[in-house]
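The values are calculated or read from the model by the stated rules, or taken from the named source; none is laboratory data. Remember, predicted model here, so these are calculated numbers, not experimental data. Quick reminder, even Gly has a Cβ in these numbers, built from the backbone with ideal geometry, and neighbours come from all protein chains shown. We work out accessible area using only protein heavy atoms, side chains counted, and drop any ligands, DNA or RNA first. Shrake-Rupley method; radii C 1.70, N 1.55, O 1.52, S 1.80 Å.
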Amino acid sequence: MERKPRTDFEVKHLRRGVASPRIGVTAALKEETGSVAQEPSKRFVRTDLDYVEGVSEAGGLPVVIPPSLTLRAAEDLLDGLDGLLLSGGPDLDPAYYGEEPIPELGTTIPGWDALEMGLLGLALERGMPIFGICRGMQMLNVALGGTLYQDVPSQLGAGVINHCQTTPKRQVSHRVEVLDHSYLAEVTGRQSVGVNSYHHQGIKGLADALAVAARSADGVIEALESRDFSDRWLVGVQWHPEGMRDNGIGHRGLFEAHVCAAEHHGSRSAAA
Ligand code: MN
């Protein structure tokens, strides 16, 4: 007698007859000083569980990428992945887009920037589907030749809305207008999406390979995507959809679209 699949994972696994697409999720290095003075500081690999859950709920297999790999090791790791999710984090060193730091620039972490930029470059070379969230979206733009506002409030001036909410991630902070005919419009099925907002930097010069997919009322670019999806699957959002998975299908849909693209990429790589 045929055994009935019991879990969602089994259903997906049996339906496709292949393993779930493996999505690399970048993680941060977190240092903590012990409460006892003599205790040495502790170092942790840290990533928000919401990224990991967003990927697994969408049918992907999340693989957390530690921040202290050599690029050589990262390349080996990429061989086993079908997609890359660049998570949020601190400011990117403006040297990556040819600028000196302005006083409003936040903390940058050279080792983390170097590893993520290296990984991203390799993933782009391989045509791997890349989903960038917040800092991840900004990195995607810079890796492809674009530039950033190091600090949106001071550089864009009057008329800028508040992009740094102090409320929980599940709470909508502002709305974004989704551009007609964009891939994002297809995924979300909306012209306007309520989003959270935790960024003081933003996209200044858009990379040639990318198109604007959404803007906030003040004109700040809130989402970008591949100009040509037949060439490669690239999506970046300035908000944190991983924290809004229960706020409507659009946010969850982004993870599903990425996992789907990764599955397609994986089967294409296997056939090559
Ligand atoms: Mn915003």
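Report, in order of residue number, the helices in the chain meeting two criteria: a C-alpha extent of 24 Å or more along the helix axis, and a mean Kyte-Doolittle hydropathy of at least -0.5; treat each whole DSSP H run as one helix.
249-271
Among Leu210, Leu92, Leu61, pick out the residue whose Cα is farthest towards the positive end of the charge dipole of the stretch 42-271, where Lys and Arg carry +1 and Asp and Glu carry -1 on C-beta, about the Cα centre.
So the residue we want is Leu61.
Counting Lys and Arg as +1 and Asp and Glu as -1, what is the net charge of the other residues whose Cβ lies under 12 Å from the Cβ of Leu122?
Value of the local net charge: -3.
Please work out whether the stretch 182-272 counts as rounded, prolate or oblate from its C-alpha gyration tensor, where a ≥ b ≥ c are the square roots of the eigenvalues and a/c under 1.5 means rounded, while otherwise a/b larger than b/c means prolate and anything else oblate?
Oblate, since a/c reaches 1.5 and b/c is not below a/b.
Quick one: Kirkwood hydrodynamic radius for the chain, alpha-carbon pairs, angstrom, one decimal?
19.3 Å
From the P(r) of the stretch 162-216, can you give the percent of Cα pairs sitting at distances over 15 Å?
Counting every Cα pair in the stretch 162-216, those more than 15 Å apart make up 55 percent.
Keeping all protein chains in place, calculate the accessible area per residue for the chain (probe 1.4 angstrom), answer in Å².
Here the residues of the chain average 49 Å² of exposed surface.
Would you please give the residues with an amide H less than 5 Å from that of Val63, counting only those at least 5 places away or on a separate chain, with H modeled from the backbone geometry?
Ile23, Gly24, Val25
Please report, as a whole percent, how much of the solvent-accessible surface of the chain comes from carbon and sulfur atoms (probe radius 1.4 Å).
Summing carbon and sulfur atoms, their accessible area is 53 percent of the total for the chain.
Sorting check: for 113-123, 162-172, which peptide has the highest mean count of neighbouring beta carbons within 10 Å, and how do the rest follow?
Sorting 113-123, 162-172 by mean packing, highest first, produces 113-123, 162-172.
Label Arg46 and Leu156 with points 7 Å out from Cα along Cα→Cβ: what is the distance between them in nm?
For the pair Arg46/Leu156, the computed spacing is 2.8 nm.
Provide the solvent-accessible area of Glu263, counting protein heavy atoms only and rolling a 1.4 Å probe, rounded to the nearest 10 Å².
50 Å²
Enumerate the residues in the stretch 113-132 having an amide nitrogen under 14 Å from the point lying 7 Å beyond the Cα of Ala73 toward its Cβ.
Residues passing the 14 Å test: 115-116.
When all protein chains stay in place, what accessible area (Å², nearest 10, 1.4 Å probe) is found for Phe44?
Accessible surface of Phe44 is approximately 90 Å².
Work out from phi, with θ = phi - 60° and the Karplus expression 6.51 cos²θ - 1.76 cosθ + 1.60, the ³J(HN,Hα) of each residue of the stretch 220-226, listed in order in whole Hz, and give x for Gly and Pro.
Rounded to whole hertz, the list is 5, 6, 10, 7, 9, 7, 4.
If each of Glu32 and Asp231 carries a label point 7 Å out from its Cα toward its Cβ, how far apart are those two points in nm?
My value for the distance between the label points is 4.5 nm.
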